[in-house]
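Each remark here refers to the structure printed beneath this line.
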Amino acid sequence: PIPPYEKERLKALHELDILDTPAEASLDRITRLVARVLDVPIALVSLVDQDRQWFKSRTGLEASETPRDMAFCAHAILQTTPLVVPDTAHDERFCDNPLVTGAPHFRFYAGVQIRTSSGFAVGTLCAIDDRPRELTQEEMDILRDLADVVSREVQLRENLMLARRQRNRSDALFRASEAGYRSMFELASVGIALVAPDGGWLSVNTALCEILG
């Protein structure tokens, strides 16, 4: 069974309607900037689904997704702080990971959580290198700041989706109200008429027609 928190996290991710969508220039600029500023060959915006991680944006990596059990980001989303692994070959969580032992040979990983407005970590902005390394405090701050930009993009998407649902709900309520009114107007046993300010008839129901002939 899926734990309750994970159910809510997955629900928040799926409600974004972002998985398996086309690349977006705003996010691609961020992964390119991460790769350039931190001098890493790979930078990703990774979203963690139930069985996989899917890359909404990727720089330096051909694959568009990996199984979740291989995903470093699946570990990162469980933390409240960034996940930094200076040397994956000497970390028991990752040393036998196929992404470490084989191509593309991940040896360094730093991932900062991407969060919804409700605080659910739906993925990460991560920097990956094929050699062990450390980030300076300034480099870590840059990665955090850029992850915050991605989180705001996600939250904006979340707000737009909510506004769209509310508008659709309002439209449905209006149509239901209008249908109810029309039904009452036509089926009423008493005569009903809508009259313009100048006295002209705008609309009359069947009962009024029968009464007035």
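The values are calculated or read from the model by the stated rules, or taken from the named source; none is laboratory data. Just so we're clear, the structure is a prediction, and the values are computed from it rather than from any experiment. Here the Cβ positions follow ideal geometry from the backbone for every residue, glycine too, while neighbour counts run over all protein chains shown. Side chains included, ligands, DNA and RNA excluded: accessible areas come from the protein's heavy atoms. Shrake-Rupley method; radii C 1.70, N 1.55, O 1.52, S 1.80 Å.
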What distance in nm separates the two pseudo spin-label positions at His105 and Arg152, each 7 Å out from Cα along the beta-carbon direction? 3.8 nm
Which value does Rg/Rh take for segment 2-74 over its C-alpha atoms, Rh per Kirkwood? 1.00
Measure off, as a whole percent, the carbon and sulfur share of the 1.4 Å-probe accessible area of segment 1-156, all protein chains present. 51 percent
Ignoring ligands, DNA and RNA, how do Val190, Val48 rank by accessible area with a 1.4 Å probe, largest first? Val190, Val48
How big is the Cα convex hull of the chain in projection, averaged over all directions, in nm²? 19.1 nm²
Normalised by the empirical 2.2 N^0.38 Å for globular proteins, what value does the Cα Rg of segment 57-112 take? 1.09
Per 10 angstrom bin, beginning at 0 and ending with the bin that holds the maximum distance, the Cα pairs of segment 67-154 fall in percents of 18, 49, 29, 4
So how far apart, in nm, are the two label points at Glu15 and Arg167 if each is 7 Å from Cα heading toward Cβ? 1.9 nm
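Excluding ligands, DNA and RNA, what is the solvent-accessible area per residue of the chain at a probe of 1.4 Å, expressed in Å²?
57 Å²
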